[in-house]
Every structure is written in structure tokens, then in C-alpha cells.
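Everything below concerns the one structure shown next.
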Amino acid sequence: MTHRVDRFGVDWRLRRVLVVGLGKSGLAASTFLAGLGCRVQVTDHSDEDATRQRAQQLRDVGLEGIELGGHTTQQLRGCEVVVVSPGVPESAVPLQWAMRQGVPIMSEIEVAFRFCRAPIIAVTGTNGKSSVVTLIQQVLTSARRSAIACGNVGIPFTQILPLVRTDTVVVLEVSSFQLMRCDTLHPAIGVLLNLGVNHLDRHRDRRSYIEAKARLFARQTPQDAAVLNGRDHEVVAVGGRLVSRRIWFGENRDNPEAFTLDRATCRLFPETWQAVLQVTRLAGVPDPLAVQVMKEFRGLEHRLEHLGTIRGVQIINDSKSTTPDSLLYALQRCRDGIVPILGGRDKGMDFDVLKDALAQKRIRGLVLLGEARHRLRTLFNGTPPSRECHSLQEAFEEAMALAHPGDTVLFSPACASFDMFRNFEERGRAFKQLVEQARGQTAANAR
């Protein structure tokens, strides 16, 4: 049974807690807190079917103070703690009220940490987090260690707490939004993979985004380890002010602690491979075992996911790509002869960084869709040639028409999905369905 007293000696029984946002983490936090004996209230501005279904799950276990479709002051009165989901902006009414009243605001990650007695390996960065978290967990499991992957990778931290023993290693993916509301999180090993451009719609500026990421190391001591990308100058700058032991990966010749691995030994992007190996070394796993697990890794769904070929054209689903940096990352993994499909909800990011990268690759043409398509077409101004589409189906058909045998159709949107889909997973599934339909039609035509 979960202890009701956290690691700081605070008894949470009967505490009045307001959970803001009823996504996956909000549902998990509400269930966990109710199990501690907290008096839980829940509020979400959404009244969509998925939100109502989660609300019903809470009512089924006895929670009644649930408000959907907006926020009222009734839910705020007497609140002692606010627990916020990562998708809730700082401008949300309950958060503004809590800040004015001096009520503590915590992320679901912060709540879970306070009740976790196991060691934590926490991973953040702009790109590659989920793959690194999954690989670390798989390597540790292969070494017969108890390890659970959770956090932004898909399973909320509070949801897995009942499964965590003191000898379990929690491998945690953490976003900048979650870190903004983590005041006590203290990972034994913290990993910062890279610092690209992201979430400028939610952070005041790039400096605020970097500072949010750096909070991962705020509670570390000299006995802890920070695993850092020595090729990213902004990560190097963050590393320069840490008190924890710094372990570098990447190819930074100015840093004697950095090292390089042979990129030909693994399908993984080199920085992914190197980061995982440094972490598993710290965990005492022999290199040959870690290397074997990584060689066998086939990747995660919607993340540079190879969908095979149609008429000699390779097709890649990278729906998880929501930033220009993630598209750059994908382009580096593709040989020349590429038809990128990009666009979606514009988060106000700087797409100029794509110009040079696209100029250095042989691009057949750009296929643009979503709210950002007009801005993207104006930005590229015909170099490379671009075509605007109004649906994902039209975009896929256009990309296949542009591609030659031996080329790659790369679905890497570099934008959020919310203009057309609920999330990147739904967007990726829709793309994969289009690919399967096209494959079936091609097979039928060949008969």
C-alpha cells in the first residue's frame, strides 16, 4: 500500500487538492491522490467525449467534485495544493488564481516523486527522449534489473507507483512543462539530450525554455550524475553550472571526457546510442549487453517509423515530429531523394532553420498542409518547390506522385497536430492507414 506520508514528512490525508486538466496524467494523479485519502476536486476546460469518459472513471471510484467545460471559483475555494497537467497553459484561470493566493502548484511528476522511494533516471531534451527512455529500460531489464519506463513516454508516474519497489529503477521522461512545476525532483542520473527550438507558444522565450529543462539538475548533489550532450553548445553551457558529476557524450573535441561511437554499428542516431550507453554504464550494465539490446531495437511508433515501400518508394512515419529541429533530425537519417510532408498547428517557431538543411538535400518537393502551410510556402518561396494540400490524404497522394523509385516520402510535420487531430498518435495512425490503403490498391492493380 502507498504511504500517505511523503518523503518530506507531509501527511496528505484529507488535504484539499485541485487537479487541473483531465488528460492521462490528470486522471492518474486524481486516482492516486484519492487513494491517499485526499479530498480531490478536478477541473478541465474541455467537455469532449474523451474527457467525459475519464470523468466517469473517477466518479466510478467515488470522486464527485468534477467540473468540465470551464473553471469556476467553487472548485478553488479552500484548495491547499494544485496539481497541473502538462497541457494546461500558465494563463489558465485556476493557475492564475493559485499564483495570486500563494497556493503551491505541482506537476503530476512532482507529486509522484514525493512518494517514490526508488532511484530515478530522468531524461529530458527536445528530441529523442522517448527512444532513450525506452532503451534504458530495455537494457536494464535485459540485465535482470527491475526497471519501469514512465512519464511523458506514455504511462504517468503516479500510475506506476504501486508497482515500484525500493530496488526498482524508475526511468522517467520529463518535458519542460512538467519541469516548470517540479521543485523537489532529484534524479540520481539526469540526462539532457539536446536543446532545440520548441514550445515558444508556452515559454516566454528560448531562455525560459532552456531554464525549464535545466531544472532537471537543480536538486542534484556531487554524488549524482548528469549525462550531457557535448556537441550541443547550449547543453554544454548548462553543464558548466552544475554541481553533479558530468558525463559527456557526443563529439566535442574540446572536452576530454567526450567520446565517439562508430555510427555504423547501430541503426540508432549516434547521440541516442551514446547517451544510453553512458547511462547504462553508470548503472553497472556491461557494454556488450547494452550494445546487443540497442542493435535489436526497432524504434517506437510514430518516431521515424519505417512503413516499407510502395512502388519502390520508402515511406517513413515521423508524426511525433512537432518542431523544426525534429524534422532536421529526420532529414539527417534519410538519403537524398526526399519528399517531406510537413505542416500543422503553427506554434510560432522559427522555420528558417530548415532552409539550409533542405538546400543541402535533394528534395523532390515539399508537400504542405494544416494551418502552417501558407506561412511555410511563403518562407520557402519556391525553393524547394512546394504544394499546398487541404487534407492528409491529399498530401500523401501528392507526395507519392512527386516521389521516384528509390526516394523517400517523409511524414515529419514539424508542427503540432491540434489543427486537424487530437494528438500526434491519431495523426500517425491516420497516415499509416493511408499507406496501407495505398499498398492494398497497388497490390490489387498488379493482379
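The values are calculated or read from the model by the stated rules, or taken from the named source; none is laboratory data. Remember, predicted model here, so these are calculated numbers, not experimental data. No Cβ is skipped: glycine too gets one built from the backbone with ideal geometry, and neighbour counts run over all protein chains shown.
For the structure I just gave you, tell me whether Phe421 is in the same structural domain as Lys432 (by TED's automatic domain parsing) and more than 14 Å from Ser321 (Cβ to Cβ).
No: the conditions fail for Phe421.
Residues are listed down the side, and each one gets a yes or a no for (1) in contact with a helix residue (DSSP H, G or I) (Cβ under 8 Å, 6 or more places away or on another chain); (2) among the β-branched types (Val, Ile, Thr); (3) not in a strand (DSSP E or B):
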site: Gly35; (1), (2), (3): no, no, yes
site: Val42; (1), (2), (3): yes, yes, no
site: Thr51; (1), (2), (3): no, yes, yes
site: Leu58; (1), (2), (3): yes, no, yes
site: Leu63; (1), (2), (3): yes, no, yes
site: Gly70; (1), (2), (3): no, no, yes
site: Gln74; (1), (2), (3): no, no, yes
site: Arg77; (1), (2), (3): no, no, yes
site: Val82; (1), (2), (3): yes, yes, no
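Please find, within the stretch 108-158, the residue that is surrounded by the most Cβ atoms within 10 Å (Cβ to Cβ) out of those that are under 16 Å from Ser25 (Cα atoms) and in contact with a Pro (Cβ under 8 Å, 6 or more places away or on another chain).
Looking at the filtered set, the residue picked out is Glu108.
So how many residues does the stretch 362-409 have that are over 13 Å from Phe351 (Cβ atoms) and in a strand (DSSP E or B)?
Adding up the residues that qualify gives 6.
Do any helices (runs of 4 or more DSSP H) entirely within the stretch 89-168 hold 3 or more residues that are out of contact with any Leu (no Cβ under 9 Å at 6 or more places or on another chain), and if so, which?
Passing ranges, in order: 93-101, 129-142.
Scan Val5, Val17, Val40 and give me the residue that is hydrophobic (A, V, I, L, M, F, W, C), under 17 Å from Val88 (Cα atoms) and touching a strand residue (DSSP E or B) at 6+ places or on another chain (Cβ under 7 Å).
Val17
Residues checked against (1) crowded, with 20+ Cβ neighbours inside 10 Å; (2) of a type outside the set (Gly, Ala, Ser); (3) in contact with a His (Cβ under 7 Å, 6 or more places away or on another chain); (4) farther than 18 Å from Glu425 by Cβ:
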position: Leu307; (1), (2), (3), (4): no, yes, no, no
position: Ser326; (1), (2), (3), (4): yes, no, no, no
position: Asp336; (1), (2), (3), (4): no, yes, no, yes
position: Ile341; (1), (2), (3), (4): yes, yes, no, no
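Out of Leu172, Leu161, Leu185, I need the residue that is in contact (Cβ under 8 Å) with a residue 40 or more places away in the chain, buried (at least 19 other Cβ atoms within 10 Å of the Cβ) and in contact with a Ser or Thr (Cβ under 7 Å, 6 or more places away or on another chain). Which one?
Just one listed residue meets the conditions, Leu161.
Please determine, by comparing only the residues of the stretch 389-432 that are under 20 Å from the mean Cα position of the chain (by Cα) and of a type in the set (S, T, N, Q), which one is surrounded by the fewest Cβ atoms within 10 Å (Cβ to Cβ).
Asn423
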